[in-house]
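Trainee: Pasting a structure below so you can have a look.
The values are calculated or read from the model by the stated rules, or taken from the named source; none is laboratory data. Keep in mind it's a predicted model, so treat the numbers as computed, not measured. Don't worry about glycine lacking a Cβ; one is built from the backbone with ideal geometry, like all the others, and counts go over all protein chains shown. SASA here: full protein model, heavy atoms, side chains in, ligands and nucleic acids out. Shrake-Rupley method; radii C 1.70, N 1.55, O 1.52, S 1.80 Å.
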Protein chains: 2
Amino acid sequence: MRTVTLKQIAEELNISVTTVSKALKGYSDVSKETKKRVLDLAERLDYTPNSFAVSLRMRQSKIIGVIIPDTVHYFFSIVIKGILKVAEQHDYMVILMQSNEKFELEKKQIDLLLSKGVDGILISLSNNTKRFDHLQKVIKHDIPLLLFDKIAKTVNCSKVYIDDRKAAYDAVTYLINKGYRRIAHFRGDLNPQNSIDRFLGYKQALLDNNIPFDPKLVYMCNNNTDFDDGYNNAKQMFEDHGHTIDAVFTITDLISIGIIKYCDDNGIKVPDDLALFGFSNWFMSSVINPELSTVEQHPFKIGETSAEILFDEIKRKLNDEPIEYKKVVIPTELVIRKSSEKSENNPIKKVINL
Amino acid sequence: MRTVTLKQIAEELNISVTTVSKALKGYSDVSKETKKRVLDLAERLDYTPNSFAVSLRMRQSKIIGVIIPDTVHYFFSIVIKGILKVAEQHDYMVILMQSNEKFELEKKQIDLLLSKGVDGILISLSNNTKRFDHLQKVIKHDIPLLLFDKIAKTVNCSKVYIDDRKAAYDAVTYLINKGYRRIAHFRGDLNPQNSIDRFLGYKQALLDNNIPFDPKLVYMCNNNTDFDDGYNNAKQMFEDHGHTIDAVFTITDLISIGIIKYCDDNGIKVPDDLALFGFSNWFMSSVINPELSTVEQHPFKIGETSAEILFDEIKRKLNDEPIEYKKVVIPTELVIRKSSEKSENNPIKKVINL
DNA sequence: TTGTACGCGTTATCAG
DNA sequence: CTGATAACGCGTACAA
């Protein structure tokens, strides 16, 4: 089916392309009658504007680009959902790319998005991104850019993220208040800021409660297979410290789940022998046994907010209004479940706002 | 930064736009020298072709559209990963949309993709899609279309899917061979074909093994909250049948996981008191306790294959070659884990090809 | 080897 | 109220 153009409608009605265009766009300077004729015919022929031509003419694509490290990740898949929802509301479409945690790929994808003429870019940086020329390039091109979750502080653009340090601080403080004293931390790799911040939050919570920080209680998870990291480090921890550890705060839920598995396999009771506190509130944390206490990051909200801000910047740019970059910190919450509630029989489940 | 065009390069070098264009595209009828001058300048100015203009001229966008019911779904997020990988290899970008299982939305999204001029569309239908005019429209527009996973048999286009019936048949047969006799089925809603097919496979396996089919052992899960469905139906099942049931085959892993939870809460041992067999091999099924036996659908392969076929059709269309629609059935496999292995102590974990 | 001219489909300006 | 004309940036048949 050959797609119908303004020209065809114009010829059919013996009027000019200009008039057809105006009629369709509801301009006031078209007679009621011609307008009706045009609209009717357009309807009948199922006219759709050629978006390439419109984009060329209007210099905007009505598309934004989104780059994330990995689609197969509960957190990101929800972020995406939030972005898609807002994009739809704004009549925008979303090109999705995943960097697979590779800097080079991320860089290439930025170039692709720029060459495609997207109106804005949302990106969550790969763990291996340590230089930001590619982001500077976006800014130089005057394309609205927003970093979310995995951000770079030095890049001059809007950002949406959580306060990892505070969230970790809150979680560990909660454990301390519950009476746990020897609290280990299974941390992430040295690089991503999130990993560092959560570690710092852990450490600070200990110190603020007069519990000496013991580096021997910190285990590194950097095999990119979180579950196994949790399992293996749990094994190592029990070898190193016997059963003297009260609780573990892990950088992400999956690591806690690995620990649960190890405990299951070795007759160690969670939370009675060892309490656990995760991070991210993966869906599976609510169905595993025992249910896992964790930190809710509100990924949907992160996606929504990021997209809203980006579209606002796109609009402002279009209207030549000034843009000031926003830094939005999405509040986190502790989700308390069984894994941190020693010797209580009830499945208490409460959300704590801090 | 104003983006640089052919015209600017031409002016700078005092040659025609045509020559610049030809030089950049490696045409043979350009002198070595001018070619070099053009390439150098283009490089220096970081020239990027305006994709709107190219698309308008060439009548192709180098974009495909992908519609899925939900991004927050382990299966789909992996399918997406497969699609993105292949798209990248083919130098294509992907616009992602989610229908949220709503027919009206899916229909609208098809229109949006068509109006955007995508070169092809991959879609997994929403559960509420029972009419296919919107798909016919795509076909009428001569845009390559491929259905995956949630397909419609009557639509004339390529399809990639699994044999749900056989997979279910294999799973239930496995249970039977293991010695289980009273096997319940927690099925899905009446509508999606997958749900029907898995049920039919279940039924057939029973009959082929001379086990009478008992409709009372079939429970319906249709609250769209699989986990709760599993939990609640488990409760109901034990009320209805006491502990006479050997095993349950569930339409998806999450429902099995709900059952596990119910069993945990009520001192029922899986698999010793009740064996479970899920479907889809969600990641969480490998870390839950007990690990869940399930059906591997190879979503990555589904994504890859779908994209490959679509790009082949796009290419053929471009070259005016004939297109014949393919129906590819991706083989499934049983993943045997603890939940179906009564009274074995070892965590046997084997994959069975059927 | 280079350049002219046209068209892709739309929108904006301006003259009638 | 209507329409002619130009422009967006690129690619290509054809002329020079």
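Trainee: Just to be sure I understand: of the beta bridges DSSP finds with both ends in the protein assembly as shown, what percent are antiparallel, rounded to 5?
Mentor: Numbers: 15 of 77 bridges.
If I count the DSSP bridges inside the protein assembly as shown, around 20 percent turn out antiparallel.
Trainee: Using only Cα positions of segment B:78-129, each an equal point scatterer, no hydration layer, compute I(q)/I(0) via Debye at q = 0.30 Å⁻¹ and quote the log10 values to two decimals.
Mentor: Here log10 of I(q) over I(0) equals -1.19.
Trainee: Another one. From the label point of A:ILE15, set 7 Å from Cα along Cα→Cβ, how far away are the matching label points in the other copies, in nm, ordered shortest to longest?
Mentor: Label-point distances to the other copies, shortest first: 4.7 nm.
Trainee: What accessible surface, in Å², does a 1.4 Å probe find on A:GLU304, ignoring ligands, DNA and RNA and rounding to the nearest 10?
Mentor: My reading of the accessible area for A:GLU304 is about 40 Å².
Trainee: Pairs of alpha-carbon atoms within less than 8 angstrom and 6+ residues apart define the contacts here; what relative contact order does segment B:106-207 have, in percent?
Mentor: Working: 116 pairs, mean separation 24.8, N = 102.
So the answer I get is 24 percent.
Trainee: About the Cα centre, and with charges only on the beta carbon of Lys, Arg (+1) and Asp, Glu (-1), how big is the dipole of segment A:31-184? Nearest 20 debye, please.
Mentor: 320
Trainee: Let me ask another. Once you place label points 7 Å from the Cα toward the Cβ at B:SER28 and B:ALA53, how far apart are they in nm?
Mentor: Computed distance between label sites B:SER28 and B:ALA53 equals 2.7 nm.
Trainee: Taking a point 7 angstrom from the Cα of B:LYS130 along the C-beta vector, which residues in segment B:190-208 have backbone N less than 13 Å away?
Mentor: The answer is B:190-193, whose backbone nitrogens lie closer than 13 Å to the label point.
Trainee: Along the charge dipole of the protein assembly as shown, Cβ charges K/R +1 and D/E -1, which of B:SER158, A:THR34, A:GLY120 sits furthest on the positive end?
Mentor: Among B:SER158, A:THR34, A:GLY120, the one farthest towards the positive end of the dipole of the protein assembly as shown is A:THR34.
Trainee: Using a 1.4 Å probe and ignoring any ligands, DNA or RNA, find the accessible area of B:LYS342 and quote it in Å² to the nearest 10.
Mentor: My reading of the accessible area for B:LYS342 is about 90 Å².
Trainee: Mind checking Rg over Rh on chain B, alpha carbons, Kirkwood formula for Rh?
Mentor: 1.14
Trainee: Put the label 7 Å from Cα along Cα→Cβ for A:GLY242; what are its distances to the other copies, in nanometres, shortest first?
Mentor: Spacings between copies for this position, smallest first, are 5.0 nm.
Trainee: With an 8 Å Cα cut-off and a minimum separation of 6 or more residues, compute the relative contact order for segment B:6-49 in percent. Intermediate results must be reported in sequence, preceding the final value.
Mentor: Values: 30 pairs, mean separation 15.2, N = 44.
Dividing the mean separation by the residue count of segment B:6-49 yields 35 percent.
Trainee: Still on this model: For segment B:270-325, just say rounded, prolate or oblate: build the C-alpha gyration tensor, square-root its eigenvalues into a ≥ b ≥ c, call rounded for a/c under 1.5, and beyond that prolate if a/b exceeds b/c, oblate if not. Don't skip to the end; give the middle numbers.
Mentor: Numbers: a/c = 10.78, a/b = 4.22, b/c = 2.55.
Note, shape of segment B:270-325 comes out prolate.
Trainee: When chain A is modelled as a GNM with alpha-carbon springs shorter than 10 Å, which of A:GLU43, A:GLU291, A:GLU321 fluctuates the most?
Mentor: Result: A:GLU43 has the largest fluctuation of those listed.
Trainee: Antiparallel DSSP bridges in chain A: what percent, to the nearest 5?
Mentor: Beta bridges within chain A, antiparallel portion: roughly 20 percent.
Trainee: If R0 is 25 Å, what FRET efficiency do you get for B:PHE103 and B:VAL329 from their C-beta distance, rounded to 0.05?
Mentor: The formula returns an efficiency of 0.45 here.
Trainee: To continue, here is another question. With each pseudo-label sitting 7 Å past Cα toward Cβ, what's the A:PHE300-A:LYS269 distance in nm, one decimal?
Mentor: 3.7
Trainee: Now a separate question. Can you list the distances in nanometres, one decimal and ascending, from the B:GLY267 label point to the identical position in each other copy, with the point 7 Å along Cα to Cβ?
Mentor: 2.1
Trainee: While we're looking at this one, here's another question. Among B:ASP320, B:ASP312, B:ASP40, which one shows the highest mean-square fluctuation when chain B is modelled as a Gaussian network with alpha-carbon springs under 10 Å?
Mentor: B:ASP40
Trainee: Out of A:SER99, A:SER293, A:SER115, any idea which swings most in a Gaussian network model of chain A, alpha carbons joined below 10 Å?
Mentor: Greatest mean-square fluctuation among the candidates belongs to A:SER115.
Trainee: Further, regarding this structure: So what does B:HIS241 come to for accessible area, using a 1.4 Å probe and Å² rounded to 10?
Mentor: Rounded to the nearest 10, that gives 30 Å².
Trainee: Next up: Restricting things to alpha carbons, tell me how big segment B:6-49 is in terms of Rg and Dmax, in Å.
Mentor: According to the Cα coordinates of segment B:6-49, Rg and Dmax are 9.0, 24 Å.
Trainee: At what distance in nm do the modelled label points of B:THR154 and A:ASP163 sit from each other, each positioned 7 Å from its Cα along Cα→Cβ?
Mentor: For B:THR154 paired with A:ASP163, the spin-label model returns 5.8 nm.
Trainee: Give or take rounding to whole Å, what are the principal axis extents of the alpha carbon atoms in the protein assembly as shown, in descending order?
Mentor: 80, 68, 55
Trainee: Could you work out how far helix B:299-318 tilts from the main Cα principal axis of chain B, as a 0 to 90 degree angle to the nearest 10?
Mentor: Orientation of helix B:299-318: about 30 degrees from the principal axis.
Trainee: Multiply the residue separation of B:THR225 and B:ILE196 by 0.36 nm, subtract the distance between their alpha-carbon atoms, and state the gained length in nm to one decimal.
Mentor: Using 0.36 nm per residue and subtracting the Cα-Cα distance, I get 8.6 nm.
Trainee: Turning to a different aspect of this structure: Rank these by accessible area, largest first, 1.4 Å probe: B:LYS32, A:LYS159.
Mentor: Reading off the accessible areas and sorting them downward yields B:LYS32, A:LYS159.
Trainee: So what's the angle, to the nearest 10 degrees on a 0 to 90 scale, between helix B:164-177 and the longest Cα principal axis of chain B?
Mentor: Approximately 30 degrees, to the nearest ten.
Trainee: Taking Cα atoms of segment B:32-176, Rg/Rh with Kirkwood Rh, to two decimals?
Mentor: For segment B:32-176, the value is 1.14.
Trainee: Over chain A, what is the mean sequence separation of C-alpha contacts under 8 Å (at least six apart), divided by residue count, expressed as relative contact order in percent? Provide the component values of the computation, followed by the final result.
Mentor: On the way: 627 pairs, mean separation 55.6, N = 354.
Result for chain A is 16 percent.
Trainee: What's the magnitude of the charge dipole for segment A:6-49 around its Cα centre, counting Lys and Arg as +1 and Asp and Glu as -1 at the beta-carbon? Answer in Debye, nearest 20.
Mentor: In debye, rounded to 20, segment A:6-49 gives about 140.
Trainee: Where both partners of a DSSP beta bridge lie in segment A:178-334, what percent of those bridges are antiparallel, to the nearest 5?
Mentor: Antiparallel bridges: around 15 percent, rounded to the nearest 5.
Trainee: For chain B, take the longest principal axis of its alpha carbons; what is the angle in degrees between that and the long axis of helix B:226-241, to the nearest 10 within 0 to 90?
Mentor: The helix B:226-241 is inclined about 20 degrees to chain B.
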